[in-house]
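> Before we start, here is the structure in question, set down as structure tokens.
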2 protein chains.
Amino acid sequence: MTSSPSSLATVAHPTLQSQEIGASPNKRDGSTVYTLPVLSGPNTGALITDSWAIAVYLDETYPEKPAFPKGSRGLIRSFDSAVGALLRASLEFSLLRSSQILNERSKKFFINAREAFLGEKVDKWSPEGPKRNAHWEALEQKYYGSAKIWYEEIEGKWVMGDTFSYADIIIAANSFWFKKVCRDDEWKRIASLHDGRWNKLLAEVEKECNLV
Amino acid sequence: MTSSPSSLATVAHPTLQSQEIGASPNKRDGSTVYTLPVLSGPNTGALITDSWAIAVYLDETYPEKPAFPKGSRGLIRSFDSAVGALLRASLEFSLLRSSQILNERSKKFFINAREAFLGEKVDKWSPEGPKRNAHWEALEQKYYGSAKIWYEEIEGKWVMGDTFSYADIIIAANSFWFKKVCRDDEWKRIASLHDGRWNKLLAEVEKECNLV
């Protein structure tokens, strides 16, 4: 079970929090790490680590509104892989901006952990210039460009056409991440891409998931 | 519309053949190239270039046995991307073996075209040693390892559980490619992976598609 790049970005120092409540660790590259998110289910007493495992648990426990419509779970797992691989190409930029919205203590932990993960010091992650430009190109053309192709394969507002799924949550969650951490002009750049469809999708998913 | 790595491998010199019958060219990295496969539909007179476009056309023309079950086409497109990205990591080895089963004229064209694509001379593609070992690791652990995760997400013999889809064709077609071009001991190595599931899947897809 691997985590998505977005969870790498949003977790500041999960070890203590996760361990304190007795959550299971996650495996990453052979080593044991405690990660967020962790779900503590009040109705069942379940304590689940990892975004994917949480979504699967919720789907099995509350099947009336499935995140994985019948037969789609393997495909959505591959969707998650494809998205993760595409996001990787601009991850240094996303992590840089993520580090900049944290408080000092979290920021220090976050940067140290990501420097180890990326094998590069924070000032080398995404300096303005060719490297930053390459990150934008990857984000706009590869990541959102591919997402556009997937969304346009069939008619309807969701990846699965008329049927909402976890695939839409993945794309919207990443847009929400960028909205949260990017500077205003940077988010505007993403929000205006492809006639504003990613900002619209974010709003649609928020509505669908009763987040607003 | 991008082609899958397998079409890069199986096409020897498609330009003449495709142009002769009046097929449309494909776009690749901005340049116009003629590629195989091309479908000439005897019932409709359609002439379709590109594996994906052919599958979509067949699905729309003959909907009684869909390759893309309802709502799945965007997800299967992302599945295709994920598979392509994973195969890329061992592509030099696959192309080397592909070149070795061609006749002299095709071999010459194939190697020249792929040397330009890969930016490396054929003897550097996958020499025995660390590079070859890395290709095997990518193929066994990343490509088939990821496929295993996707297949095991839901119960049933197909990626979509009980429902056969184009996703299964993609995986089986790649296994068929390896079976065709690899040496006996190499194919045995793939065929015995994960308790022989990829060889079994290949046989199941051949049966499902009436290829045997």
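Bear in mind these aren't lab numbers, they're just calculated from the coordinates by the rules spelled out. Nothing here was measured: the structure is a model prediction, and the numbers come from that model. Here Cβ is always computed from backbone atoms with ideal geometry, including for glycine, and neighbour counts include all displayed protein chains.
> Hey, for B:Pro130 with labels 7 Å out along Cα-Cβ, what do the inter-copy distances come to in nm, ordered shortest first?
Result for B:Pro130, in nm, nearest copy first: 2.5.
> Rounded to the nearest Å, what's the spacing between the alpha carbon centres of region A:137-212 and region B:150-198? Just the number, please.
So the two Cα centres are separated by 32 Å.
> Which whole-Hz ³J(HN,Hα) couplings does region B:167-175 yield from phi under the Karplus relation 6.51 cos²θ - 1.76 cosθ + 1.60, θ = phi - 60°, glycine and proline marked x?
Computed from phi, the couplings for region B:167-175 are 4, 5, 5, 4, 5, 5, 4, 5, 4 Hz.
> To one decimal in nm, how far is B:Asn210 from the same spot in the other copies, if labels go 7 Å from Cα toward Cβ? Please give the shortest first.
B:Asn210 label point versus its equivalents elsewhere: 5.0 nm.
> If you take the beta carbon distance between B:Val33 and B:Lys121 as r and set R0 to 25 Å, what does 1/(1 + (r/R0)^6) give as a FRET efficiency, to the nearest 0.05?
Given R0 = 25 Å and the Cβ-Cβ separation, E is 0.70.
> At 7 Å along Cα-to-Cβ for each site, give me the label-to-label distance between A:Glu152 and A:Tyr62 in nm.
So the label points at A:Glu152 and A:Tyr62 sit 3.5 nm apart.
> Next question, about the same structure. Only sites in a loop by DSSP and with at most 15 other Cβ atoms within 10 Å count here; which trypsin sites (Lys or Arg not before Pro) in region A:107-154 make the cut?
A:Lys121
> Something else now. Taking the alpha-carbon set of region A:5-208, what are its Rg and Dmax in Å?
Taking only Cα atoms of region A:5-208, I get Rg and Dmax of 17.5, 51 Å.
> Follow-up. Select from region A:46-81 those trypsin sites (Lys or Arg not before Pro) which occupy a DSSP coil region and have at most 15 other Cβ atoms within 10 Å, ordered by residue number.
Passing sites in region A:46-81 are A:Lys70.
> How much length is gained on full extension from B:Arg88 to B:Glu208, taking 0.36 nm per residue of separation minus their Cα-Cα distance?
Taking 0.36 nm per residue and subtracting the Cα distance, the gain is 40.4 nm.
> Restrict the search to region B:70-152; then list the GluC sites (Glu not before Pro) that DSSP places in a loop and that have at most 13 other Cβ atoms within 10 Å of their Cβ.
Of the GluC sites (Glu not before Pro), the ones in loops of region B:70-152 whose Cβ has at most 13 other Cβ atoms within 10 Å are B:Glu120, B:Glu128.
> May I ask you to report, in nm to one decimal and beginning with the shortest, the distances from A:Val33 to the same position in the other copies, taking label points 7 Å along Cα-to-Cβ?
The answer, with the shortest distance listed first, is 3.7 nm.
> Say each of A:Ser192 and A:Lys142 gets a label point 7 Å from the Cα, pointing the same way as Cα to Cβ; how far apart are those two points in nm?
About 2.5 nm separates the two model spin labels.
> Can I ask one more? Taking amide hydrogens as modeled 1.01 Å from N in the peptide plane, which residues meet the under 5 Å criterion relative to B:Ser24, leaving out close sequence neighbours?
Here B:Thr49 satisfy the definition.
> Still on this structure, I have one more. Each label point is 7 Å from the Cα along the Cα-to-Cβ direction; what then is the distance between the points at B:Arg105 and A:Ala134, in nm?
4.3 nm
> Further question: Rounded to the nearest 500, what is the 222 nm mean residue ellipticity of the protein assembly as shown from helices alone, with -39500 (n - 2.57) per DSSP H run of 4+ residues and division by all residues?
Roughly -17000 deg cm²/dmol at 222 nm, from the helical runs in the protein assembly as shown.
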